[in-house]
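*Asks:* Before I ask anything, here is the structure I am working with.
We did not get these values from a lab; they are worked out from the coordinates using the rules stated. Computed from a predicted model, the values in this text were never measured in an experiment. Methodologically, a virtual Cβ is constructed for each residue, glycine included, from the backbone with ideal geometry; neighbour enumeration extends over all protein chains shown.
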Amino acid sequence: MTDIARPLAHFVAFTAILRRASFAVAPEQTMAWLAAIDLLGPEDMGDIRRAARATLAPPPDRFAEFEALFDAHFLGAVDAARESVPSDEAPLRAAEDSGFGPEPDVDEEARESGAKATRAERLSTRRFAPAAEDATLRRFTRALPASAPRRRGYRWREAHNGHGTDVRRMLRDAMRNVGEFVRLRHRRRRLRPRRIVLLIDISGSMKELTQTHLAFAHALARAADAVEVFTFGTRLTRITRALRLRDRARALSAASLIVADWDGGTRIGEALAAFLAIPRFAALARGAALVVLSDGLERGDPAAMTEAIARISRIAWRTVWLTPLATGSGFRPRTAGLSAARPYLDELGDGRTLDSICTCVLHLAKARAA
């Protein structure tokens, strides 16, 4: 390694450390930092520190952590260099797919089955195996445009019969017929697609179904216009834009780069509370059909989950929870969180198979609001 490349590698290694600690550092910021160092011609470490603050832009609430990582890397402060592992009580974060977002820590270890729910946060990436096009999804994609739930819009259209009289068209007819009303015209409101909000549990206990659920979400986002998709585990992430890609493999690959909490813990109540706390997210659920794909194994406070479901039920048109633990029409939840939230759900259905999920969404148009 040349004398010039050696210090550059040391600087670039610091940005890699920041990404492993879930700081959002884009490649352009790394280049800007190196350019700032070259422009300043730093005489001491303070100039490098100030350039890092200005170009790498750590968030104010994590400024102390940024400083500790800087000191550990450049000054050898071993005590401050302990690995940053989010605790169980760390506030749940929400991310949107409008940018690159934080680069997750790559975990090369093979994951276990994930049958046990946990509250601890573990950040990793997820690689999805290529899968053939499923016949169930093809049928679902063809049937959805005609079967998707709809709502009445604010614009009117002409109708052969209806509850309202189209006075404007009748007056125009009268002007063409010497003031005579020769025909009674009706009108009715246009129908608009009702938004579908899909929340997918990607925690360790749902690991075996994650790829199936994301394939369903991709088919839903491609077939319907008004769809929003979120994932939750120990974080809440919006992945709608990634799933708009035509090719499913590319869409799932893009989603895997956006989401950082694959196969980790389960904090359903906090994730739903974060969804409601962000105004632009909560507005998406107003008047929408909200569908949750989760086993309901809440490891946090069941009261938080119940309160969030109760709030969602007041603003959503219909709230549906599909769980792989359902064993039939007479299924009764056994977990504390889902049992307490059951009175606020319009439907608690079978989420064990792709066919049952598709059938439930196709029947939403026939359902009525609670």
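*Asks:* Restricting attention to the range 149-232, which trypsin sites (Lys or Arg not before Pro) occupy a DSSP loop and are surrounded by at most 11 other Cβ atoms within 10 Å?
*Replies:* Working: sites: 150, 151, 152, 155, 157, 168, 169, 172, 176, 183, 185, 187, 188, 189, 190, 194, 195, 207, 222; in loops: 183, 185, 194, 195.
When the trypsin sites (Lys or Arg not before Pro) of the range 149-232 are filtered for loop state and at most 11 Cβ neighbours within 10 Å, 183 remain.
*Asks:* Note down the net charge around residue 33, summing +1 for each Lys or Arg and -1 for each Asp or Glu among other residues with Cβ under 13 Å from its Cβ. Numbers along the way, then the final one.
*Replies:* Details: positive: 49, 50, 53; negative: 28, 38, 47.
Computed value for this residue: 0.
*Asks:* Would you mind ranking 263, 301 so that the residue whose beta carbon has the fewest other beta carbons within 10 Å leads the list? Could you put the intermediate results ahead of the total?
*Replies:* On the way: 263 20, 301 14.
With the fewest neighbours first, 263, 301 line up as 301, 263.
*Asks:* How many angstrom separate the Cα center of the range 205-247 from the Cα center of the range 313-345?
*Replies:* Distance between centres, Cα-based: 20 Å.
*Asks:* Using a 10 Å cut-off around each Cβ, can you sort 312, 48 from fewest to most neighbouring Cβ atoms? Don't skip to the answer; put the middle values down first.
*Replies:* On the way: 312 23, 48 18.
Ordered from fewest to most neighbouring Cβ atoms within 10 Å, 312, 48 come out as 48, 312.
*Asks:* I've got another one for you. Which loop trypsin sites (Lys or Arg not before Pro) in the range 295-341, with loop taken from DSSP, have no more than 11 other Cβ atoms within 10 angstrom of their Cβ?
*Replies:* Filter output for the range 295-341: 334.
*Asks:* Ranked by Cβ crowding within 10 angstrom, fewest neighbours first, how are 182, 12, 259, 227 ordered?
*Replies:* Arranged by neighbour count, lowest to highest, 182, 12, 259, 227 become 182, 12, 227, 259.
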